[in-house]
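The values are calculated or read from the model by the stated rules, or taken from the named source; none is laboratory data. In this text the structure is predicted, and so the values were computed from the model without any measurement. As a convention, Cβ positions derive from the backbone with ideal geometry for all residues, glycine included, and neighbour counts pool all protein chains shown. Keep in mind that these areas ignore ligands, DNA and RNA; they rest on the heavy atoms of the full protein, side chains included. Shrake-Rupley method; radii C 1.70, N 1.55, O 1.52, S 1.80 Å.
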Amino acid sequence: MIKKILLILVVTFFISCNTKMEYRKNVAAFLVPQPIELAQQKGFFTIDKNTKIATSENLVKEAVYLQNLVEESSNFNLEIINDSSISQLKNAIVLAEKSNLSGQLISKESYTIVSSKSKIEIEGNSPEGVMRGIQTLRQLFVDDFHKKIKRNNWQLPLVSIKDAPKFRHRGLLFDSGRHFFEVATVKKYIDLLALYKMNVFHWHLTEDQGWRIAIDKYPKLTEIGAYRTEKDGSIYGGFYTKKQIKEIVKYATERHITVIPEIEMPGHSQAALAAYPELSCTGDTINVANKWGIFKDIYCAGNEQTFTFLENVLTEVMELFPSEYIHIGGDEAPKLRWESCAKCQKRIKDEHLADAHELQSYFIKRIEKFLHKNNRKLIGWDEILEGGLSPTATVQSWRGEKGGIVAANNNQFAIMSPTSHCYFDYGIETTDVEKVYNFNPIPKDLPLDKHQYIIGSECNLWSERIPNEENLDSKVFPRIFAMSEVLWTYPKERNFEEFYNRIQNQYSLLEAKNVAYGLEFIPVKLKSSLQNNKVEIQINTKKKQFKTKYRWNCTDCDTLFKITPPTITLEKTAILEIKTYKNNKKYGANLVQGYKLHKAINSVIEQKNAYNSFYKASGEKGLVDGEIGIKKMRDGNWQGFLGVDIDCVIDLEKQTKVAEIGANFLHKQLSWILVPKLVVIQTSKDGKIWEDWGSIASKLDPKSEEVSIETFLKINSPKSVRFVKLYAKNLKELPEWHEFYGGKSWLFIDEIFVN
């Protein structure tokens, strides 16, 4: 008898654990992107083993998708019924297509959700719209559903939702060329795109560093082109078989995600040329690239074999991808080989072209004609504007907004992906969640009647420095929340605080899906200033709830972390390390900032040439703020000068005893950043009569591919000076040995120190 009672208690406990009454009490706080209209009523609808999915023949695929979704997290399966009398149904989720949605809901992706205690109705303008509604429904489930903790029933809040997208092209560029990602990872991202109502998976499949798609007619593309020999001698690579690609495209289609393949041409083609060197201008044997950057060897535009090859490749690509668009790249194609190639020069002459830029235009237009014959359309990066734009091409604008503006003013479609807001491979020190949220795909200077030609945007994820899935996750999330909101909801009045609070509720869902999301922004900003002849460092946290601790790292510093005061006094050259906590949990890696104490900190500085707006350090006094850079060009400490010299004067404001003057320069030649050959320093007591302090020559090999920092320092006998002038000559153009010969070179400087 006692055993029976215990058994009943255990069973009762188990049932109660699997029949928890739990649902979202505040739906508005859990939806990303935010819908156009949302109303919530008291109460909930219960999904259990008796619930049916009622639909029509044309929505069976969507019904099966929903059925599988629920089954993965439940102790039951939902029956699908084909029932047109939906008004009479009870305990049902009804999927219906209605083409009479009006007003803001005219898009084919428009949908409505109306739920009561007896049923949930999801209506869409098309199957695509119904799928968008199902994705909203997914977010209405509590966290246990996403964790696949199986229950006997689920409660969903009673809501009325009307929703539609602002832009029809909402994408993620996924680069499998530089680093290869397995099929499971690709599917994971397609599913996440669907969840947040993105609808384009732009798949970058060919690169200098690897060819990732099987082409039957050219087996060497994957036998040779899919693998590179790394600098340590190891072999890296991989490719997708046609069977795998079909599987991925099917998976995406089920979620109404369009997969647009990108086959790069005429540049970024070294992997293909390693396999088939006869397609290059030189015919020389080359290797698949094992470093990042831009390379001289590109497809030969004067060789008919090149076009035969590309048309054959594209034919097989189109057999795999049913997308309306094919992306052909068209970016970063150096013209050096074409300018010295007899075949290319003959093509220029025969086609009455002006130069190599018009030859690129010829190349792109010829490929586009082939795509048109096969009922496809071409997308290319904004370099396809060079030499004249094909009248039906769609431009993807990445070098700012200019390319999109030119296309739209020409009544051609444009996709906006400027580096300023859309490059998710950049660190959050450059592009954080708030910056993405404030992105407007419609350029401010574009006339109103041309807005219709901006079809949307993409977040670009180039994978040079994304070697694994964990790193991939941290780059995409949470920034894609902001892009999703911008492209779907397009809030006219941006409210970042409301949005920020809302995305906090998405993290448990991401954790359930094993997404190793990254930071929202750099949690702490530092600002140094001179107060009462002391250098004070102000610690500013991005959010009030962030708490910090700090310590100094130096040979005789106290290594214990302490509670951070509002300001810290810089007493010696040292490294400041700050820990940040969010909700009592460590938030990101420690902030590590080097400081050099010197006599010019916070001095007035005048620069003859302006620094680049993308690399401005702390701004006007970025070279006299005491902050020292590291070997990361985007660490926020470097001022960059593109194609111009550094020529500046520092006013110490009074006669000051000085014995050493110097500066640090970054060398990263694969990113076109070269140290100056010579730095010239002068001093003056009055700013009129100048004396030579000294000239310092670089000791660095400019061809070195290692990232390094070179200090140019000149020590003399102490003398009184007030003004310090530093001149560093920029090469202006990259030298002939450089892969991007002729392009503008950078100078990167972090600090001018005077002691």
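What to note about this one:
- Building the convex hull from the alpha-carbon atoms of the chain and averaging its projection over directions returns 41.2 nm².
- A Cβ-based charge dipole, computed about the Cα centre of the chain with Lys and Arg at +1 and Asp and Glu at -1, lands at about 2320 debye.
- Region 275-295 and region 208-236 have their alpha-carbon centroids 12 Å apart.
- Sorting the segments 437-443, 507-513 by their residues' average number of neighbouring beta-carbon atoms within 10 angstrom, most packed first, yields 437-443, 507-513.
- For region 190-237: rounded, prolate or oblate by the Cα gyration tensor [a/c cutoff 1.5]: oblate
- Selection of GluC sites (Glu not before Pro), region 137-236, meeting DSSP coil and at most 15 other Cβ within 10 Å: GLU182, GLU230
- Gyration tensor (alpha-carbon) shape descriptor, region 117-263, a/c threshold 1.5: prolate
- Ordering of 306-312, 715-721 by packing [mean C-beta count within 10 Å, highest first]: 306-312, 715-721
- Beta bridges per DSSP, both residues in region 28-150: antiparallel share near 30 percent.
- Across region 260-276, coupling constants 3J(HN,Hα) worked out from phi with the 6.51/-1.76/1.60 Karplus curve, θ = phi - 60°, read 10, x, 10, 10, 5, 6, x, x, 6, 10, 5, 5, 5, 6, 5, 7, 10 Hz, and Gly and Pro carry x.
- For region 561-567, Karplus couplings with θ = phi - 60° (6.51, -1.76, 1.60), whole Hz, Gly/Pro x: 6, 10, 4, 7, x, x, 9
- Each part reduced to its alpha carbon centroid, region 653-729 and region 162-201 end up 48 Å apart.
- Along region 216-232 the Karplus relation, 6.51 cos²θ - 1.76 cosθ + 1.60 evaluated at θ = phi - 60°, assigns HN-Hα couplings of 4, 5, 10, x, 5, 4, 9, 5, 10, x, 7, 10, 10, 9, 6, 5, 8 Hz to successive residues, with x for each Gly and Pro.
- Taking a straight Cα-Cα cut-off under 17 Å and skipping sequence neighbours fewer than 8 places away in the same chain, the aspartates and glutamates within cross-link reach of LYS616 are GLU429, ASP432, GLU606, ASP625, GLU627, ASP635, ASP645, ASP647, ASP750, GLU751.
- Helical segments meeting 24 Å axial Cα length and Kyte-Doolittle 0.0 threshold in the chain (DSSP H): 304-320
- The trypsin sites (Lys or Arg not before Pro) of region 43-80 that DSSP puts in a loop, and whose beta carbon has at most 13 other beta carbons within 10 Å, are LYS49.
- Scanning residues 5 or more positions from GLY210 or on other chains, those with amide H under 5 Å from its amide H are ALA271, with H placed 1.01 Å from N in the peptide plane.
- Pairs with C-alpha atoms separated by more than 24 Å, drawn from the list LYS25/LYS542; LYS296/LYS729; LYS444/LYS632; LYS166/LYS373; LYS542/LYS585, are LYS25/LYS542; LYS296/LYS729; LYS444/LYS632; LYS166/LYS373.
- Cα centroid of region 328-401 to Cα centroid of region 594-645, whole Å: 38 Å
- For region 526-638, the relative contact order comes to 21 percent (Cα pairs under 8 Å, sequence separation of at least 6).
- The amide H of VAL524, built 1.01 Å from its N in the peptide plane, has LYS542 as neighbours under 5 Å, considering only residues 5 or more places off or on other chains.
- Sequence-distant contacts, meaning Cα pairs under 8 Å at least 6 residues apart, place the relative contact order of the chain at 9 percent.
- Loop sites in region 659-755: chymotrypsin sites (Phe, Trp or Tyr not before Pro), DSSP, at most 16 other Cβ within 10 Å: TRP737, TYR741
- Taking all Cα pairs closer than 8 Å and separated by 6 or more residues, the relative contact order of region 276-328 comes to 29 percent.
- Measuring only protein heavy atoms, the 1.4 Å probe finds SER116 accessible over about 40 Å².
- Structure note, pairs LYS220/LYS369; LYS534/LYS572; LYS119/LYS162: Cα-Cα distances above 19 angstrom occur for LYS220/LYS369.
- Among the listed pairs LYS562/LYS582; LYS596/LYS631; LYS525/LYS621; LYS703/LYS732; LYS346/LYS744, those beyond 26 Å (Cα-Cα): LYS346/LYS744
- Which of HIS268, HIS352 is most accessible, then next, and so on - probe 1.4 Å: HIS352, HIS268
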